Amino acid sequence: QIIDAIPMGDTGFDTVKYMEETTFTNNAAERAEAGEAGEAALAYTERSAEVEDISVWLPVTDRQMEDEPRVRSLINNRLPFMLRQRLDSQVVNGDGSTPNLEGILNKSGIQTFARNGDQFDELYKAARLVRVTGRAMPNVMGIHPTDWEGIRTARTNDGLYILGNPDQPGPSRIWGLRVIESDAMPQDSVLVGDFANYLELVWKRGLVLEYTNSHSDYFIKFKTAVRASIRVSNVIYRPAAFCVITSF
């Protein structure tokens with residue numbers, strides 16, 4: 001998932017204050033004796049990212065809990081996975097209006113361009129823009145599985161797979177970038193960026209799983225409500241470190 005590529009931190013507050021780099025001017029240069037050093041310019045703007053709550057619950061009967069010994073472990077596995085799926089989508093697509101996180105695709109200042117050529121060339125162009133304009137090191141490409149299918153199965157005229165045989169070991173990579181196939185990515189859009197250095201998931205509270213029979217009339221119906229929740233914020237330190245290809 002996309003969130004697997006994002007560093008994580010903690011906060012004790014319900015709003016994360018951080019500094020976004022809005023100006024980067026590098027005038028480092030060689031200097032003759034008695035000459036002046038080049039003057040650089042850095043500007044940081046204070047931003048805030050709200051900590052949001054993502055939650056889900058599931059009804060289950062007491063009989064199911066008693067008669068199937070693995071149902072509790074199943075629930076403890078599936079509900080957290082549901083939260084991860086939703087968080088994955090929010091990190092990419094959230095509109096930033098509470099209770100939504102601010103997703104990368106809706107962050108002001110990210111780079112974007114519409115595909116206008118060969119898919120392989122356009123992916124390299126996005127990485128180049130992250131390096132040159134964003135002054136960052138691209139390390140991840142997020143793509144919808146349907147879009148990646150056409151790239152991964154592309155062949156030469158004599159039938160050889162361009163990206164290697166299907167039994168090739170290891171994670172998918174292209175132009176040195178780790179490829180993450182995620183249905184959180186909109187189809188026909190590809191995201192390239194420096195996930196390692198300019199993104200952070202900041203947690204107010206990790207996963208909490210709770211069981212109760214006090215919901216509604218559950219006590220007299222021998223039912224249990226299982227609730228899972230997290231509180232987290234998505235912080236984007238340098239928007240230009242990310243580039244989106246549209247109409248892919």
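The values are calculated or read from the model by the stated rules, or taken from the named source; none is laboratory data. Just so it is clear, the structure is predicted and the values come from calculations on it, not from any experiment. Using ideal geometry, Cβ is built from the backbone for each residue, glycine included, and neighbour counts are taken over all protein chains shown. Protein only, heavy atoms only, side chains kept; ligands, DNA and RNA dropped before computing areas. Shrake-Rupley method; radii C 1.70, N 1.55, O 1.52, S 1.80 Å.
Here are the numbers for the structure shown:
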quantity	calculated
Inverse mean reciprocal Cα-Cα distance (Kirkwood Rh) of segment 114-248, Å	17.8
Within the accessible area of the chain (1.4 Å probe), percent carbon and sulfur	47
Lys, Arg +1 and Asp, Glu -1 on Cβ, resulting dipole of the chain about Cα centre, debye, nearest 20	460
Accessible area in square angstrom per residue, the chain, 1.4 angstrom probe	56
Ratio of Rg to Rh over segment 177-248 (Cα coordinates, Kirkwood Rh, two decimals)	1.23
Heavy-atom SASA rank of Asp14, Asp88 (probe 1.4 Å, accessible area, largest first)	Asp14, Asp88
Estimated [θ] at 222 nm from DSSP helical runs (n ≥ 4, -39500 (n - 2.57)) normalised by residues in the chain, nearest 500	-6500 deg cm²/dmol
Solvent-accessible ranking of Arg178, Arg70, Arg238, largest area first, probe 1.4 Å	Arg70, Arg178, Arg238
Stokes-Einstein D in µm²/s, Kirkwood radius over Cα pairs - segment 18-64 at 4 °C with 1.567 mPa s viscosity	80
Histogram of C-alpha separations across the chain, 10 Å bin width, %	7, 25, 26, 21, 14, 6, 1, 1, 0
Cut-off 10 Å between beta-carbons: net charge of the residues surrounding Ala228, Lys and Arg +1, Asp and Glu -1	+1
With DNA, RNA and ligands ignored, accessible area of Arg173 (1.4 Å probe; Å², nearest 10)	130
Positive minus negative residues near Pro7 (Lys, Arg vs Asp, Glu; Cβ under 13 Å)	-4
Residue-level accessible surface for Phe219, protein heavy atoms, 1.4 Å, Å²	140
FRET efficiency estimate (nearest 0.05) - Cβ-Cβ, Trp203 to Tyr44, R0 22 angstrom	0.40
DSSP-loop GluC sites (Glu not before Pro) across segment 1-37, with at most 12 other Cβ within 10 angstrom	Glu30, Glu33, Glu36
Among Ser55, Ser216, Ser172: highest mean-square fluctuation, GNM of the chain, C-alpha pairs under 10 Å	Ser216
Area projected by the alpha carbon convex hull of segment 44-144, averaged over all directions, nm²	10.2
Calculated FRET efficiency for the pair Thr246/Asn27, C-beta based, R₀ 35 Å, to 0.05	0.55
Nearest-ten-degree value, helix 119-132 long axis tilted from longest Cα axis of the chain	70
Share of alpha-carbon pairs per 5 Å distance bin for segment 1-84, given as whole %	3, 9, 10, 11, 11, 10, 9, 9, 6, 6, 4, 4, 3, 3, 2, 1, 1, 0
Between helix 71-93 and the chain: long-axis angle, C-alpha atoms, 0 to 90°, nearest 10	30
Choice from Pro69, Pro99, Pro186 with maximal GNM fluctuation in the chain (Cα, 10 Å cutoff)	Pro69
